[in-house]
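Asker: Mind having a look at this structure? Questions to follow.
The values are calculated or read from the model by the stated rules, or taken from the named source; none is laboratory data. Computed from a prediction, not measured in an experiment: that's the story for all the values here. All Cβ positions, even for glycine, are placed from backbone atoms using ideal geometry, and neighbour counts span all protein chains on display. We work out accessible area using only protein heavy atoms, side chains counted, and drop any ligands, DNA or RNA first. Shrake-Rupley method; radii C 1.70, N 1.55, O 1.52, S 1.80 Å.
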Amino acid sequence: MTSERGPSTGDPTLRRRIEPWEFYISYDPKELCKETCLLYEIKWGMSWKIWRSSGKNTTNHVEVNFIEKFTSERRFHSSISCSITWFLSWSPCWECSQAIREFLSQHPGVTLVIYVARLFQHMDQQNRQGLRDLVNSGVTIQIMRASEYYYCWRNFVNYPPGEEAHWPRHPPLWMMLYALELHCIILGLPPCLKISRRRQNRLTFFRLHLQNCHYQMIPPHILLAAGLIQPSVTWR
């Protein structure tokens, strides 16, 4: 059942919501746009209230902008807990990963969960190491799935009246390919996903090149979801 009104006019997050076209372009897995968009929410301690807003790149990357804004506006005791969730259109580069780690080391009461729509220059070894360092520092990093797209649409997008159920449904395979490559990064394996773009027809191509180490170390359920192995059958 869909809403006939769209987000409530009394919704305090309304002025901080992005437009549907921004969400479509920024978070489409096949659109390799240059701009990075961040949708974020902050929850303090045991409070049920959640602060939501968004950000984009300026002279700094959006992750650094968030950290600078957060630390300049908030003064809190280290014993106070704070949970932050990011929905990023691109994963952090190695420099942003380093800045995030420094931020978290200075604020031990903060936990961070990051969902990403795409992996930024994932063939670059510094970027790969940066993501591994984040995970080793306790940061949770996951590829956005359908449930995250729906959640962002409902809570961060100024969708039109009656369009509550019309959130973008991208092919699950694209998400699984990115998830596969993220596992390679976290496990320290060579890249298995290559992405290219043809300018003439603006088509994005995903190609896989798996080695024996990928099949040996990547969890079977990830390989199965990507169609790279067949489910086992037990005969009686």
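Asker: Against the conditions (1) without any contact (Cβ under 8 Å) to a residue 40 or more places away in the chain; (2) of a type in the set (A, V, I, L, M); (3) part of a strand (DSSP E or B); (4) open to solvent by 10 Å² or more (accessible area, probe 1.4 Å), where does I42 fall short? Just the number, please.
Answerer: (1)
Asker: Mind listing whichever residues of segment 34-62 are in contact with a helix residue (DSSP H, G or I) (Cβ under 6 Å, 6 or more places away or on another chain) and under 15 Å from R118 (Cα atoms)?
Answerer: T36, C37, L38, L39 - these are the residues of segment 34-62 that are in contact with a helix residue (DSSP H, G or I) (Cβ under 6 Å, 6 or more places away or on another chain) and under 15 Å from R118 (Cα atoms).
Asker: While we're here: Taking interchain pairs and intrachain pairs at least six residues apart, which have beta carbon atoms under 6 angstrom, with the first residue in segment 151-179 and under 19 Å from L210 (Cβ atoms) and the second crowded, with 18+ Cβ neighbours inside 10 Å?
Answerer: W174/P29; M175/I143; M176/A226; L177/L193; Y178/L119; Y178/I143; A179/I143
Asker: Pairs only if they're at least six apart or on different chains, beta carbon under 8 angstrom, first in segment 83-112 and in contact (Cβ under 8 Å) with a residue 60 or more places away in the chain, second part of a helix (DSSP H, G or I) and of a type in the set (D, E, K, R); list them, first residue then second.
Answerer: F87/E148
Asker: Among the residues of segment 181-193, how many are in contact (Cβ under 8 Å) with a residue 40 or more places away in the chain and either over 21 Å from the mean Cα position of the chain (by Cα) or more than 15 Å from A117 (Cβ to Cβ) (or both)?
Answerer: Summing the residues that are in contact (Cβ under 8 Å) with a residue 40 or more places away in the chain and either over 21 Å from the mean Cα position of the chain (by Cα) or more than 15 Å from A117 (Cβ to Cβ) (or both) in segment 181-193 gives 4.
Asker: Just a yes or no: is a residue in segment 133-156 surrounded by fewer than 21 Cβ atoms within 10 Å (Cβ to Cβ), of a type in the set (D, E, K, R) and assigned to a strand (DSSP E or B)?
Answerer: no
Asker: Within segment 53-66, can you find the residues that are surrounded by fewer than 16 Cβ atoms within 10 Å (Cβ to Cβ) and either under 14 Å from C37 (Cβ atoms) or under 15 Å from the mean Cα position of the chain (by Cα) (or both)?
Answerer: Hits for segment 53-66 are K56, T58.
Asker: Which residues, taken from segment 206-223, are free of Cβ contacts under 8 Å to residues at least 24 places away in the same chain and either part of a strand (DSSP E or B) or open to solvent by 80 Å² or more (accessible area, probe 1.4 Å) (or both)?
Answerer: R207, H209, N212, Y215, Q216, P220, H221
Asker: While we're looking at this one, here's another question. Looking at the structure I just gave you, is L14 out of contact with any helix residue (DSSP H, G or I) (no Cβ under 8 Å at 6 or more places or on another chain), under 24 Å from A146 (Cβ atoms) and modelled with pLDDT under 90?
Answerer: no
Asker: While we're on this one: Need pairs with beta-carbon distance below 9 Å; first residue more than 22 Å from P20 (Cα to Cα) and within segment 54-71, second assigned to a strand (DSSP E or B) and open to solvent by 80 Å² or more (accessible area, probe 1.4 Å); sequence gap 6+ or separate chains.
Answerer: These pairs meet every condition: N65/K56.
Asker: Specify the residue that is nearest to the chain's Cα centre (by Cα); the eligible residues are those in segment 87-113 that are under 15 Å from E41 (Cα atoms) and surrounded by fewer than 23 Cβ atoms within 10 Å (Cβ to Cβ).
Answerer: Looking at residues that are under 15 Å from E41 (Cα atoms) and surrounded by fewer than 23 Cβ atoms within 10 Å (Cβ to Cβ), I get V113.
Asker: Is it true that some residue in segment 67-86 is closer than 19 Å to N127 by Cα, at pLDDT 95 or above and either more than 17 Å from the chain's Cα centre (by Cα) or outside any helix (DSSP H, G or I) (or both)?
Answerer: yes
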